[in-house]
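Input: a single structure, listed below in structure tokens.
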Amino acid sequence: MRHYYSAEAIRDAEAPLLQRLSDGALMRRAAFGLATAIARELTARTGGVAGRRVCAVVGSGDNGGDALWAATLLRRRGASATAVLLNPDRAHPKGLAAFRAAGGQVVENVPTATDLVIDGVVGISGSGALRPGAAEVFAAVDDAGIPVVAVDIPSGLDVQTGAADGPHVNAASTVTFGGLKPVHALAECGRVELIDIGLDLPPSDVRGVEAADVRSRWPRPGPKDDKYTQGVTGVLAGSSTYPGAAILCAGAAVAATSGMVRYAGSAAAEVVSHWPEVVAAPNAAAAGRVQSWVVGPGLGTNEAAAAALCFALDTDLPVIVDADGLTLLAAHPDLVVDRGAPTVLTPHAGEFARLAGSPPGDDRVRSARRVSEQLGATVLLKGNVTVVAEPGGPAYLNPAGEAWAATAGSGDVLSGMIGALLAAGLPAGEAAAMAAFVHAHAANASAADPGPRAAPTSASRILHHIRTALASI
């Protein structure tokens, strides 16, 4: 599991190290890791370090010191090193002295022939957009197409929310120290590299699923399992108007290794024609035994749809509510508040605003957690970075990497996957987070098939790549 830490948590973990180590030792440790990462970046882009040209854009404080020390180390390896000091009187004195002693030159602007720029403007203690002077420097860097390596975070982004309320650095890669921060998942930071500087950090309550977690937790049938012990997913989705939602939702539950899928609704003929393994019934009461319910995609918002939602929520089974089900729930939140069994809600930003009374805003983690606590349900807030929050538990961040899943019906596929994991017995937060992880991989795999270049995909193609994604993981 990947863990993300607040600036305060990092500072607290640094404090005992700063007391034990000699003055400047921790900064030089970080700078050595930064210089090593930059050397790899230079080698990948230009074939080496010697003879290459780097420029550090330096703010005040330790972040600028990291950049100066890294530029010093690169200079000692044969690179040409320059530095733009945004606040000359407040530049890190020891770092600047070492930089000059190594032959580094202070300049007014980034030379146009520079091979790589180091963003050492502000670190995790900074806030707000780039100041005008820094914004002008990095606008010129962008115009020149010079790649930027950010120190800790791209300057101008909020460390906790990833939000940018003005000019900010566009980083090709980011090198961070000790532990990842939420910005590294929530914002575009390029390729992120974590440098171990010896911090003793406990597990965080903001996490990210990794492939190893999926390998260890995704349901895998054992020799004594049968279709019932693997989990029976009930699907209350689709309608004669929107049969596609039922087809996608039920098919995804099948693909996500559900032992059996039972469909209840008016699109039964269409569902079975696509997935003959699905057991169909005219309504939920006649569906038979299930171990979770998926309610809402394409269901409509009429009285029959409301009755189906109430039926599922009145059971003691895990329920995932999506799409039309969320619209119904927004008008009657009492249906889910204090419900005894696990409930997962999967809104996009518009549905979230109806549920919460306001949009998620810049701090999507806090907003998801607030609604999760209010409703007593796990909330999966959709987006390029999916946020999963469960009441009293951790939050999970899942960056999709690419936006191929932003296509009609993609959410129906995700709902079926979550329902299958709930039926198999996974806790609600884990089920939602792991389904989102595999869903993103399936979307990217579907866009790359047959390759070699990615091309537009669709929800149906995403569904058919769930097995491919799982196999690759």
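The values are calculated or read from the model by the stated rules, or taken from the named source; none is laboratory data. What you see is a predicted model; the values in this text were computed from it and never measured. Backbone-built Cβ (ideal geometry, glycine too); neighbour counts: all protein chains shown. Note: areas computed on protein heavy atoms with side chains; ligands, DNA, RNA excluded. Shrake-Rupley method; radii C 1.70, N 1.55, O 1.52, S 1.80 Å.
Here are some notes:
- The helix-based estimate of mean residue ellipticity at 222 nm for the chain, built from -39,500 (n - 2.57) per DSSP H run of four or more residues and divided by its residue count, is -12500 deg cm²/dmol to the nearest 500.
- Region 372-385 - phi-based ³J(HN,Hα) in whole Hz, Karplus 6.51/-1.76/1.60, Gly and Pro as x: 4, 5, 5, 9, x, 9, 6, 10, 10, 8, 6, x, 4, 10
- Once backbone amide H atoms are built at 1.01 Å from N, A395 has V206, R207 as its partners under 5 Å, excluding neighbours fewer than 5 places away on the same chain.
- Global form of region 211-472, assessed from the alpha-carbon gyration tensor, a/c cut-off 1.5: rounded
- Taking only alpha carbon atoms, region 263-302 gives an Rg to Rh ratio of 0.95, where Rh is the Kirkwood radius.
- Annotation: amide H-H contacts under 5 Å for E193 (H modelled 1.01 Å from N, sequence separation of 5 or more, or interchain): T174, V175, T176.
- Efficiency of FRET from Cβ geometry, N87 and A406, R₀ 41 Å, rounded to 0.05: 0.50
- All C-alpha to C-alpha distances of region 2-204, sorted into 5 Å bins beginning at zero, yield P(r) values of 1, 8, 17, 22, 22, 16, 9, 3, 0 percent in whole numbers.
- The 3J(HN,Hα) values that the Karplus relation (6.51, -1.76, 1.60; θ = phi - 60°) gives for region 141-148 are, in residue order, 4, 4, 4, 7, x, 8, x, 10 Hz. Gly and Pro appear as x.
- In degrees, nearest ten, helix 303-313 long axis to first principal axis of the chain (Cα): 70
- Antiparallel bridges, percent of DSSP beta bridges restricted to region 211-472 (to nearest 5): 30
- Peptide ranges 310-316, 93-99 listed from the most packed, as the mean C-beta count within 10 angstrom indicates: 93-99, 310-316
- Using the 1.4 Å probe convention, the accessible area of the chain works out to 42 Å² per residue with neighbouring protein chains retained.
- Distant-in-sequence amide H partners of V106 (H built 1.01 Å from N, under 5 Å): A83
- For region 44-52, Karplus couplings with θ = phi - 60° (6.51, -1.76, 1.60), whole Hz, Gly/Pro x: 5, 8, 10, x, x, 10, 4, x, 7
- As a rough guide to protection, the peptides 232-241, 189-198, 265-274 ranked by mean Cβ packing within 10 Å, highest first, stand as 232-241, 265-274, 189-198.
- For region 31-53 versus region 151-168, the gap between their alpha-carbon centres in whole angstrom: 24
- A protection proxy built from the mean count of other Cβ atoms within 10 Å ranks the segments 221-230, 55-64, most packed first, as 55-64, 221-230.
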